[in-house]
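Below is one structure, written out as structure tokens, with a few remarks after it.
The values are calculated or read from the model by the stated rules, or taken from the named source; none is laboratory data. These numbers were taken from a predicted model, which means no experiment stands behind them. Reconstructed Cβ throughout: ideal geometry from the backbone, glycine too, with neighbour counts over all protein chains shown.
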């Protein structure tokens, strides 16, 4: 466990040698927890075993998610998540190069880190992998639906967030079957594996509903195009599924426009949950970044 400056306890997992040459930090997305990265961690250990003997891997649950504590409304923001990440790096990874991989809101957290802690990023971050994320235009999402259906979805999403933010329950009050059905429809592409759908639903049901609603509002206000300029000297990969309803291809293209040297990977048939749907592709790109760490660090 790790306690932040404001007293919030975060659940942290660490594997690999304490004296590793470099550290990989995995940041999960909205409604999820660090288990999002389980398939990717497994792929890294199986396919890149020799490389991973030299890499420390740190993953954690964002506040209000998984095994971490819930937080006050004013602290359920992407900016606070960036502060948490900066604290965690300074306390748990005080030396050596760091590669950051962020899925969805986790990617947004890395962008906010670049905006709020440019010196830390310049000195320590040797690579970034953005997985199914966005730097702007998240306020009104049509969820990939055409015409009136898309407008209705864009109208409904913030209202669902507002309702969640007013809940005073520890867990999302949703039946598991309905959570699985919603996950299959909204965040997966073609032919998802049943186990992947169940994992995503289980993580949602463990999150704090009020914090989810508050984070949804922060996501809607997320504007980080300018912050991406601070990552132009950092080796970066941008991955997106061409069936992603939450952070569609257009959002990935906007990131790449700000990071012209980034590797852009578009994955046919995949939805939003790339760590599950395309774990091999995600692990492979992370391994490539780890292999080419900036020697100056």
Unmet requirement for residue 63, which otherwise passes all of (1) surrounded by fewer than 22 Cβ atoms within 10 Å (Cβ to Cβ); (2) in a loop (DSSP other than H, G, I, E, B): (1)
In region 239-255, residue nearest to residue 141 (Cα to Cα) [restricted to those that are surrounded by fewer than 19 Cβ atoms within 10 Å (Cβ to Cβ) and touching a strand residue (DSSP E or B) at 6+ places or on another chain (Cβ under 7 Å)]: 249
Flag if residue 263 is on the phi < 0 side of the Ramachandran plot, touching a residue at least 40 places away in the same chain (Cβ under 8 Å), surrounded by fewer than 19 Cβ atoms within 10 Å (Cβ to Cβ) and out of contact with any helix residue (DSSP H, G or I) (no Cβ under 6 Å at 6 or more places or on another chain): no
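I'm trying to understand the selection: among the residues of region 1-21, which are touching a helix residue (DSSP H, G or I) at 6+ places or on another chain (Cβ under 8 Å), assigned to a strand (DSSP E or B) and surrounded by fewer than 19 Cβ atoms within 10 Å (Cβ to Cβ)?
Selection gives 2, 12, 13, 14, 15.
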Members of region 88-118 found to be at pLDDT below 95 and within 15 Å of residue 252 (Cα to Cα), listed by number: none
Meets criteria (at pLDDT 95 or above, surrounded by fewer than 18 Cβ atoms within 10 Å (Cβ to Cβ) and within 19 Å of the chain's Cα centre (by Cα)) for residue 198: yes
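Determine whether residue 226 is out of contact with any strand residue (DSSP E or B) (no Cβ under 7 Å at 6 or more places or on another chain), at pLDDT 95 or above and surrounded by fewer than 19 Cβ atoms within 10 Å (Cβ to Cβ).
no
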The lone exception for residue 205 - which of (1) under 20 Å from residue 26 (Cα atoms); (2) in contact with a helix residue (DSSP H, G or I) (Cβ under 7 Å, 6 or more places away or on another chain); (3) in a helix (DSSP H, G or I) it fails: (1)
Test: residue 270 is part of a helix (DSSP H, G or I) and in contact with a strand residue (DSSP E or B) (Cβ under 9 Å, 6 or more places away or on another chain): no
Residues of region 214-237 that turn out to be assigned to a helix (DSSP H, G or I) and under 18 Å from the mean Cα position of the chain (by Cα), as a count: 11
Qualifying positions in region 177-195 - farther than 18 Å from residue 29 by Cβ, in a helix (DSSP H, G or I) and under 23 Å from the mean Cα position of the chain (by Cα): 181, 194, 195
Helices (runs of 4 or more DSSP H) (entirely within region 77-145) containing at least 3 residues that are buried (at least 18 other Cβ atoms within 10 Å of the Cβ) and out of contact with any strand residue (DSSP E or B) (no Cβ under 7 Å at 6 or more places or on another chain): 78-92, 105-116
Subset of region 44-60 that is over 18 Å from the mean Cα position of the chain (by Cα) and in a helix (DSSP H, G or I) - its residue that is surrounded by the most Cβ atoms within 10 Å (Cβ to Cβ): 52
